[in-house]
Amino acid sequence: MRLGLTLAASIMILASTAQADEKAVEPYVQSDANAGVLPMTTDAVFQAFHGRDGVDRIVHRLNWFHNHDPRLVDTFKAADNERLERTLSEMLCYILGGPCHYTGREMKDLHKDMGVQVFQLNAQIEDLQTAMSEEHVPVWAQNKLLAKLAPLKRMIVVR
Amino acid sequence: MSKPIYIALAIVTFELVISLTSPAWAGSEYVWGGKLDLTRGVSTIEGAGGGGLVPWALIAGNETKDGVGGQVSATSLQTHNYGLTAYSAAIGAWDRVEISFARQDFDTGKTGGRLGLGSGYTFHQDIYGAKVRLAGDAVFDQDRWTPQVAVGVEYKHASHAALLHALGSRRADGVDLYVSATKLYLDRSLLIDATLRLTRANQFGLLGFGSGPRDTYSLQAEGSVGYLLTPKLLVGAEIRTKPDNLAFAKETQAGDLFAALALNKAVSLTLAYVDLGSVATFRRQSGPYISMQAGF
Ligand code: HEM
């Protein structure tokens, strides 16, 4: 009973980290494990990304591509941009070994009904590479992040 | 000369048949293109997707598992005594199957006279290839040690059978079988390939196959290592061992240092310095290599 209450309370606290201008989503249990990837053990690559500010700029630019790259626009049309940028930025910061927690939804569950195809994932990777290069992230560090994200293909491209 | 045209027609027909009957239609939308830059490889001098000398487990063309693609290439290698020109075309289907064709012209130039063949004597070879990807994903399986693995076959037909016999070669046709394992180690920006080939080709087949005393298949090792300087620029080195069947001339391993640059989604340029080793009694045959490739 006590445990149940504490759990409920902590979920509510975490849920309140969502910004006011985000749309509500179906309730879910928050956990870093939802990212589907283990984080890097040092913050060397996070530093090469220019910390949280760099990650934020990259995610903002990537989300611009989500809304302009003809290979992606249809799928992202209905997305909640505020929420997507916040949670994606948390996720990348977390994976890169930065001082962040991922509070978004579980990767597989989230993408399972979108019918994402390989060419779209590859398009998004190219756009991310462009965004990282514009932030002057060195290629070795870019590839360290891509190595972490790559196995997510099995969760995101399911058809 | 009309032969390449027939082959081009055959490839286009094959393409149409595949695109109309593709299992990719079931469940997914058919898609043109979509591969990441350089992940189709460049074209080997034998037409397969790979490095310049070594075929990789990657499949030709820009397609993903939801489509069909292809690539063509033109390559020139000038060594001190010889010139090798190769043209190739390849089709990749569903990022799974690859068929390829290459035409090689080996110009002996002035050296032809010294070999008693006549100045400018040119050997030819046609190579028909097929490759199937068996397992693994070289690019995306970053959490697994397993490479992408493919097996391939190359049927080679050399011209001038009578002369090849006179040089000691047993036959003008041959089949190579190979297995390639390729993996991108993204966290180190490294691409590594290891290939094993069963062959009895003399100088890739340009000087025929086997010889009187040595007509058995032997297992040869090939490998490539590349470093991704940018997502569009891979630099590295290759090595390829070859049989030494012919009595009149020693045959040695070949190798190269290369830079492959994706100019855009379609076109890539490979510049290399290739060392073919000793060729038809002339040692240290090395020189510049340039290859243009276009794919869809
Ligand atoms: C490694 C690649 C990817 C990562 C790390 C990733 C990550 C994320 C994250 C963190 C969210 C927000 C989670 C939340 O709202 O709780 C999200 C949402 C979304 N993703 Fe992905 N994603 C990837 C690939 C893709 C691809 C290839 C597509 C489609 C082409 C896609 C389509 C979407 C859409 C449409 C949403 C918005 C869902 C909504 O607002 O309801 N994602 N993704």
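The values are calculated or read from the model by the stated rules, or taken from the named source; none is laboratory data. Keep in mind the model is a prediction, meaning the values are calculated, not measured. Glycine also receives a Cβ, built like all others from the backbone with ideal geometry; neighbour counts cover every protein chain displayed. These area figures cover heavy atoms from the full protein model, side chains too; ligands, DNA and RNA do not enter into them. Shrake-Rupley method; radii C 1.70, N 1.55, O 1.52, S 1.80 Å.
Per residue, the accessible area of chain B comes to 41 Å² when a 1.4 Å probe rolls over the protein heavy atoms. Remark: region A:31-156 carries a charge dipole of roughly 320 debye about the Cα centre, counting +1 on each Lys and Arg Cβ and -1 on each Asp and Glu Cβ. Please give me, ordered by residue number, the trypsin sites (Lys or Arg not before Pro) of region A:46-117 that lie in loop per DSSP and have at most 16 other Cβ atoms within 10 Å. In loop regions of region A:46-117 (DSSP not H, G, I, E or B), the sparsely surrounded trypsin sites (Lys or Arg not before Pro) are A:77, A:112.
Computed in the context of the full set of protein chains, the accessible area of chain B at 1.4 Å probe radius has 67% of its extent on carbon or sulfur.
What the Kirkwood sum gives for the protein assembly as shown is a hydrodynamic radius of 24.1 Å, with every pair of different alpha carbons counted.
For chymotrypsin sites (Phe, Trp or Tyr not before Pro), the sites in region B:96-181 that DSSP calls loop and that have at most 12 other Cβ atoms within 10 Å are B:145. Peptide A:36-46 has a mean of 0 when you count, residue by residue, the C-beta atoms of other protein chains within 10 Å of its C-beta. For the residue pairs B:65/B:183; B:35/B:156; A:77/A:153; B:183/B:250, the C-alpha atoms sit more than 24 angstrom apart in B:35/B:156; B:183/B:250. Residues within the reach of a label modelled at residue B:145 (point 7 angstrom out along Cα to beta-carbon, backbone nitrogen below 20 Å), restricted to region B:160-193, are B:180-193. When you restrict to C-alpha pairs under 8 Å that are six or more residues apart and normalise by the size of chain A, the relative contact order lands at 31 percent. For chain A, the per residue solvent-accessible surface stands at 53 Å², with DNA, RNA and ligands left out and a 1.4 Å probe.
Buried on complex formation within region B:158-193 (loss of at least 10 square angstrom of accessible surface versus the isolated chain, 1.4 Å probe, ligands and nucleic acids ignored): B:186, B:187, B:189. Chain A contacts chain B over a buried accessible area of about 1900 Å², both sides summed; the probe is 1.4 Å and only protein chains count. Between B:102, B:194, B:221, which gets the highest mean-square fluctuation from a Gaussian network model of chain B, Cα cutoff 10 Å? In the Gaussian network model the winner is B:221. Carbon-plus-sulfur accessible fraction, chain A (probe radius 1.4 Å, protein heavy atoms only): 61%.
Taking K and R as +1 and D and E as -1, what net charge do the other residues with C-beta under 10 Å from the C-beta of residue B:183 add up to? Taking every Cβ under 10 Å from that of residue B:183, the sum is -2. Taking 0.36 nm per residue of separation and subtracting the Cα-Cα distance, full extension of the segment from residue B:269 to residue B:157 would add 37.6 nm. Counted over region B:157-296 with a bin width of 5 Å, the fraction of Cα pairs per bin, in whole percents, is 2, 10, 16, 17, 18, 15, 10, 7, 4, 1, 0. Here is the P(r) of region B:78-157: all C-alpha pair distances, binned every 5 Å from 0, give 3, 13, 16, 14, 12, 11, 10, 8, 6, 4, 2, 0 in whole percents. Sequence-distant or interchain residues sharing an amide H contact under 5 Å with residue B:285, placed H: which? Under 5 Å from the amide H of residue B:285 lie the amide H atoms of B:276, B:277, B:278, B:279, each far enough along the sequence or on another chain. A simple rule links phi to the HN-Hα coupling: the Karplus curve 6.51 cos²θ - 1.76 cosθ + 1.60 with θ = phi - 60°, which for region B:239-247 gives 9, 8, 7, 9, x, 10, 8, 7, 6 Hz, with x for Gly and Pro. Each label was represented as a point 7 Å from its Cα along the Cα-to-Cβ direction; for residue B:253 and residue B:233 these points are 2.8 nm apart. Interface residues of region A:90-127, defined as those with an accessible-area decrease of at least 10 Å² between the chain by itself and the complete set of protein chains (probe 1.4 Å), are A:117, A:118, A:119, A:122, A:125, A:126.
Spatially, region B:32-62 and region A:73-112 are offset by 33 Å when compared through their Cα centroids. Each listed q (0.16, 0.17 Å⁻¹) maps to a log10 I(q)/I(0) for region B:3-222, found by the Debye formula over equal Cα scatterers with no solvent: -1.09, -1.18. 3J(HN,Hα) along region B:151-160: 10, x, 9, 10, 9, 10, 10, 9, 8, 6 Hz, from the Karplus curve 6.51 cos²θ - 1.76 cosθ + 1.60 with θ = phi - 60°, whole Hz, x for Gly and Pro. Three principal axis extents of region A:31-156 based on alpha-carbon atoms, in descending order, are 35, 31, 25 Å.
Kirkwood hydrodynamic radius of region A:90-159, from the reciprocal of the average inverse Cα-Cα distance over all distinct pairs: 13.2 Å.
Straight-line reach from residue B:131: taking Cα to Cα under 14 Å and skipping same-chain neighbours fewer than 8 places apart, the aspartates and glutamates in range are B:46, B:95, B:98, B:154, B:176. Have a look at B:146, B:281, B:241 and tell me which one the Gaussian network model of chain B (Cα, springs below 10 Å) gives the largest fluctuation. Per the Cα network of chain B with a 10 Å cutoff, B:281 tops the list.
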